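To start, the structure under review is shown below, and the notes come after it.
Only the coordinates and a few stated rules stand behind these numbers; no lab work does. From a predicted model like this one, the values you see are computed outputs, not experimental measurements. Here the Cβ positions follow ideal geometry from the backbone for every residue, glycine too, while neighbour counts run over all protein chains shown.
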Amino acid sequence: MPELPEVETVRRGLSGLIVGKTIRAASTDNPKSFPNAQTDVDEFMIGAEITAIHRRAKVLLIELSTDYTLMVHLKMTGQLVFVANGVRFGAGHPNDSLVNALPDRSTRVTINFTDGSTLYFNDQRKFGWVRLLPTLEVPEIDFMKKVGPEPLAADFTAEQFAARFTRRAKTSIKAAFLDQSVVAGVGNIYADESLWGAKIHPTRLVGSVTKDEFALLYSELRDVMNLAIEKGGSSNQNYVNAEGKKGSYMDFARVFRREGQECPRCHSVIEKSRVAGRGTHTCPVCQLP
DNA sequence: CACTTGACCTGTCCGC
DNA sequence: TGCGGACAGGTCAAGT
């Protein structure tokens, strides 16, 4: 599920649930999901209090009182699910009783708190990861050094946005948009949604996109992401999202996963194709190649 | 360097 | 109903 709005939704929900709690135990059944669990958990996690949760790009940064940080990347199918007194929370409010008990077959990491509550990292495809490292070293890892600016930052301008793309003039605008070193947090949903909003075809070469088009793409991206955060993100039908709302952005999506339906702007039939190796949704009339 | 492709995994859906 | 292949909201490591 996770692009910037979904990770931000998880961050907000989780902040109200686990900040202030003390870790009693932590374990994984899959070393690739938590590579340094064996070496560092006992010393730097057990007994630590959770002091804050931040987000950078699509990564969650769970800060501990030991000056270590638990980094979490959900990749394609990762979820953080909190359970207290037998009640399961997506990352916000109590879910209904349809949800199966945890842990289940996709549970990769379990974190137990001293008050008896538990945080599960579930990840069907095992692409996601949890990593524990000194807070001071977080900015030094490759991902953090390479990742581009936060698109919703108050001081991030349309001019800066456009300038980030110049390095990638010869590739498609969609490939560049998905490149985390250009701008942080954009994934397949919000790339398609904002390219449609700006009436730019995803296969257009970056070099052909005008200054005015970049300005429009910048404001569409910010609008779409802000709306998605307000709606609790996008979720497929089995994901439990924050606020007990299940993430309703997909109800507002204009093109994503709407192939065969009408373009809300011109009523042409939305098409699905493949661009930059990803399923891509466009209006054939609003977005010309 | 910039760019593209395949790999990493599991599960589901679709066509034969 | 069974089976093969394509595909899924993301990065990486390789290759050109």
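Note the full-extension length gain between residue A:274 and residue A:29 as 0.36 nm times their separation in residues minus their Cα-Cα distance, in nm to one decimal.
Fully extending the segment from residue A:274 to residue A:29 adds 84.6 nm.
How much FRET efficiency would the formula 1/(1 + (r/R0)^6) give for residue A:141 and residue A:106, where r is the Cβ-Cβ distance and R0 is 22 Å, rounded to 0.05?
0.30
Work out, step by step, the length gained on full extension between residue A:163 and residue A:22: first 0.36 nm times the residue separation, then minus their alpha carbon distance; give nm to one decimal.
On the way: separation 141, 0.36 × 141 = 50.76 nm, distance 4.40 nm.
Additional length available on full extension: 46.4 nm.
Over the Cα atoms of region A:149-193, what is the Rg over Rh ratio if Rh follows Kirkwood? Intermediate values should be presented prior to the final figure.
On the way: Rg = 10.2 Å, Rh = 10.8 Å.
With Rg and the Kirkwood Rh in hand, the quotient comes to 0.94.
So what's the angle, to the nearest 10 degrees on a 0 to 90 scale, between helix A:211-230 and the longest Cα principal axis of chain A?
The angle comes out near 40 degrees.
Between residue A:152 and residue A:124, take the C-beta separation as r, use R0 = 22 Å, and let me know the FRET efficiency to the nearest 0.05. Don't jump to the answer; show the numbers that get you there.
Details: r = 29 Å, r/R0 = 1.30.
That pair, residue A:152 with residue A:124, gives E of 0.15.
Taking the Cα centre of chain A as the origin and placing charges on Cβ (Lys, Arg +1; Asp, Glu -1), which of A:147, A:203, A:27 is farthest toward the positive end of the dipole?
My answer, from the dipole projection, is A:203.
Extension gain residue A:85-residue A:262, at 0.36 nm per residue separation less the Cα-Cα distance, in nm?
Residue separation times 0.36 nm, minus the Cα-Cα distance, leaves 59.1 nm.
What FRET efficiency comes out for residue A:205 versus residue A:181 if R0 is 22 angstrom and r is the Cβ-Cβ distance? Round to the nearest 0.05.
On the way: r = 18 Å, r/R0 = 0.83.
According to the calculation, E is roughly 0.75.
Counting pairs of alpha carbon atoms under 8 Å apart in space and at least six apart in sequence, what relative contact order in percent does chain A give?
Normalised by residue count, the contact order of chain A is 19 percent.
Classify region A:146-289 from the C-alpha gyration tensor, please: rounded if a/c falls under 1.5, else prolate or oblate depending on whether a/b exceeds b/c.
oblate
If every alpha-carbon in chain A counts as one equal scatterer, what log10 I(q)/I(0) does Debye give at q = 0.07, 0.13, 0.14, 0.17 1/Å?
-0.28, -0.90, -1.02, -1.33
Taking Cα pairs under 8 Å and at least six residues apart, what relative contact order does region A:4-146 come out at, in percent?
Normalised by residue count, the contact order of region A:4-146 is 30 percent.
What's the longest bit of chain A with no exposed trypsin sites (Lys or Arg not before Pro), using DSSP loop states and at most 12 other Cβ atoms within 10 Å as the test?
Of all site-free stretches, the longest is A:171-289.
Magnitude of the Cβ-charge dipole of chain A, K/R +1 and D/E -1, about the Cα centre, nearest 20 debye?
940
Given +1 on the Cβ of Lys and Arg, -1 on the Cβ of Asp and Glu, and no further charges, what dipole in debye does region A:158-282 carry about its Cα centre, rounded to the nearest 20? Don't skip to the answer; put the middle values down first.
Details: 19 positive and 14 negative charges, 78 e Å.
I would put it at about 380 debye.
Please tell me the relative contact order of region A:158-282 in percent, rounded to the nearest whole number, where contacts are Cα pairs under 8 Å and at least six residues apart. Mind showing how you got there, number by number?
On the way: 172 pairs, mean separation 29.5, N = 125.
It comes to 24 percent, rounded to a whole number.
Where nothing but the Cβ of Lys and Arg (+1) and of Asp and Glu (-1) is charged, how large is the charge dipole of region A:145-216 around its Cα centre, in debye to the nearest 20?
400
Relative to the first principal axis of the alpha-carbon coordinates of chain A, what is the inclination of helix A:188-197, with its axis defined by its Cα atoms, in degrees from 0 to 90 and to the nearest 10?
The angle comes out near 30 degrees.
Using a ≥ b ≥ c from the Cα gyration tensor of region A:4-146 (square roots of the eigenvalues), is it rounded, prolate or oblate, where a/c under 1.5 gives rounded and otherwise the larger of a/b and b/c decides, a/b for prolate?
rounded
Using 7 Å Cα-to-Cβ label points, what is the residue A:114/residue A:42 separation (nm, one decimal)?
2.0
Name the shape class, rounded, prolate or oblate, that the alpha-carbon gyration tensor gives for region A:73-229, where a ≥ b ≥ c are the square roots of its eigenvalues, rounded holds for a/c under 1.5, and otherwise prolate holds if a/b is larger than b/c and oblate otherwise. If you can, show how the numbers build up before the last one.
Working: a/c = 2.58, a/b = 2.01, b/c = 1.28.
Since a/c reaches 1.5 and a/b is larger than b/c, the shape of region A:73-229 is classed as prolate.
Pick out, from A:64, A:16, A:38, the residue whose Cα sits farthest towards the positive end of the charge dipole of chain A, with +1 on the Cβ of Lys and Arg and -1 on the Cβ of Asp and Glu.
Sorting the options by dipole projection puts first A:38.
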